[in-house]
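Here the structure comes first, spelled out in structure tokens, and everything after it is commentary.
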Amino acid sequence: MAVAVEFAKSPAAVLAVGSGFSLVDVDPASTPGYSGAKADGQALLVTQDARLKELQEKLFAEGKFGSNKRLLLILQAMDTAGKGGIVSHVVGAMDPQGVQLAAFKAPTDEEKSHDFLWRIEKQAPAAGMVGVFDRSHYEDVLIHRVHGWADADELERRYAAINDFEARLAEQGTAIVKVMLNISRNEQKKRLIARLDDPSKHWKYSRTDLKERAFWGDYMDAYGAAFRKTSTEIAPWHVVPANKKWYARIAVQQLLLEALDRMALAWPKADFDVAAERGLVADS
């Protein structure tokens, strides 16, 4: 049986986007801070599930008793990078009643009639909740930059609006974990072909993925710009190498665990006489 080898270095530290960060310097096949093999990582994921679930339940319970603490996980990536796997294998360990999942698609006509953050703000997690954005407001600076749908001035306005939005979330008690799952162009090709070779995955394939793949370099530049403009002290970006799905999952799991640990969560104290209530139940 594989040993649950733990991280030697905190993912929050080794994966954070800091001064002088360059995306091209990140090896998508690497496992920063982790020395274990695939089987070790898979064992760690399972081992930490219970702890993640307990911390999330404490967060939910505190929210029921007036706490304003909440958590928001923002997932961004090129297609096939594994966002769905993170939702299933990491977030899936939590109690669904305490999770708010928002998977943002192309905006509707109504959403286009408002500023780009209008539909995003409505999905911000409530007190006690873990929110998950599967794609997010960052689409509005990434794809718009790549395809020239927004000029330089508009992009700068959006970067500033994003920073203001995330600052307001933090003021409300939201811990923000921003993750870019970083796969290589060659790994994406392998995953697209795998989808085409498996009839059970044909529904996941879209010709749009292939069209956007042609702009790979432009997207990497757009991510770099977004990191420079929006990786802040209260909401830093983390670039997670994602060629190895098992590593990406344990890295994101650990980022969530560390964020929840920093909240100093505790079970709410009973506001009633426990012994008296126990006696009433026993006599009922």
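The values are calculated or read from the model by the stated rules, or taken from the named source; none is laboratory data. Here the structure is a predicted model, which is why all the values come from computation and not from measurement. As a convention, Cβ positions derive from the backbone with ideal geometry for all residues, glycine included, and neighbour counts pool all protein chains shown. SASA here: full protein model, heavy atoms, side chains in, ligands and nucleic acids out. Shrake-Rupley method; radii C 1.70, N 1.55, O 1.52, S 1.80 Å.
Here are the numbers:
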quantity: Any chance LEU52 is in a strand (DSSP E or B) and either open to solvent by 40 Å² or more (accessible area, probe 1.4 Å) or of a type outside the set (Lys, Arg) (or both); calculated: no
quantity: Helices (runs of 4 or more DSSP H) lying entirely in segment 119-199 (those with 1 or more residues that are surrounded by fewer than 16 Cβ atoms within 10 Å (Cβ to Cβ)); calculated: 152-171, 185-197
quantity: Counted residues, segment 62-77 - those being among the hydrophobic types (A, V, I, L, M, F, W, C) and open to solvent by 20 Å² or more (accessible area, probe 1.4 Å); calculated: 1
quantity: Residue match in segment 137-159 (condition: touching a residue at least 12 places away in the same chain (Cβ under 8 Å) and of a type in the set (Gly, Ala, Ser)); calculated: no
quantity: Members of segment 85-118 found to be of a type outside the set (Val, Ile, Thr), farther than 28 Å from LYS64 by Cα and open to solvent by 30 Å² or more (accessible area, probe 1.4 Å), listed by number; calculated: LYS105, ALA106, PRO107, ASP109, GLU110, GLU111, LYS112, SER113, HIS114, ASP115
quantity: Conditions (1) open to solvent by 80 Å² or more (accessible area, probe 1.4 Å); (2) at pLDDT below 95; (3) part of a helix (DSSP H, G or I); number of the one not met by ALA276; calculated: (1)
quantity: Subset of segment 47-58 [under 29 Å from ASN182 (Cα atoms) and of a type outside the set (Asp, Glu)]; calculated: THR47, GLN48, ALA50, ARG51, LEU52, LYS53, LEU55, GLN56
quantity: Residue count, segment 200-213 (criterion: of a type in the set (Ser, Thr, Tyr) and surrounded by 14 or more Cβ atoms within 10 Å (Cβ to Cβ)); calculated: 1
quantity: Filtered residue count, segment 241-273, keeping only those that are of a type outside the set (A, V, I, L, M), under 30 Å from ARG191 (Cβ atoms) and part of a loop (DSSP other than H, G, I, E, B); calculated: 2
quantity: Test: residue in segment 13-26 that is closer than 16 Å to LEU256 by Cα and either assigned to a helix (DSSP H, G or I) or open to solvent by 40 Å² or more (accessible area, probe 1.4 Å) (or both); calculated: yes
quantity: Filtered residue count, segment 221-247, keeping only those that are open to solvent by 30 Å² or more (accessible area, probe 1.4 Å) and closer than 23 Å to ARG168 by Cα; calculated: 7
quantity: Matching residues, segment 24-39, being touching an Asp or Glu at 6+ places or on another chain (Cβ under 9 Å) and closer than 19 Å to LEU255 by Cβ; calculated: PRO28, TYR34, GLY36
quantity: Segment 258-273: number of residues that are surrounded by fewer than 20 Cβ atoms within 10 Å (Cβ to Cβ), touching a residue at least 24 places away in the same chain (Cβ under 8 Å) and among the hydrophobic types (A, V, I, L, M, F, W, C); calculated: 5
quantity: Cβ-Cβ under 7 Å pairs, at least 6 apart or on other chains, segment 38-51 side within 14 Å of LEU256 (Cβ to Cβ), far side aliphatic (A, V, I, L, M); calculated: LEU44/ALA4; LEU44/VAL5; LEU44/ILE250; LEU45/ILE250; GLN48/LEU257; ASP49/ALA93; ARG51/LEU257
quantity: Cβ pairs under 7 Å, 6+ apart, first in segment 58-70 and touching a residue at least 40 places away in the same chain (Cβ under 8 Å), second open to solvent by 70 Å² or more (accessible area, probe 1.4 Å) and assigned to a loop (DSSP other than H, G, I, E, B); calculated: LYS58/TRP267; ALA61/TRP267; ASN68/GLN172
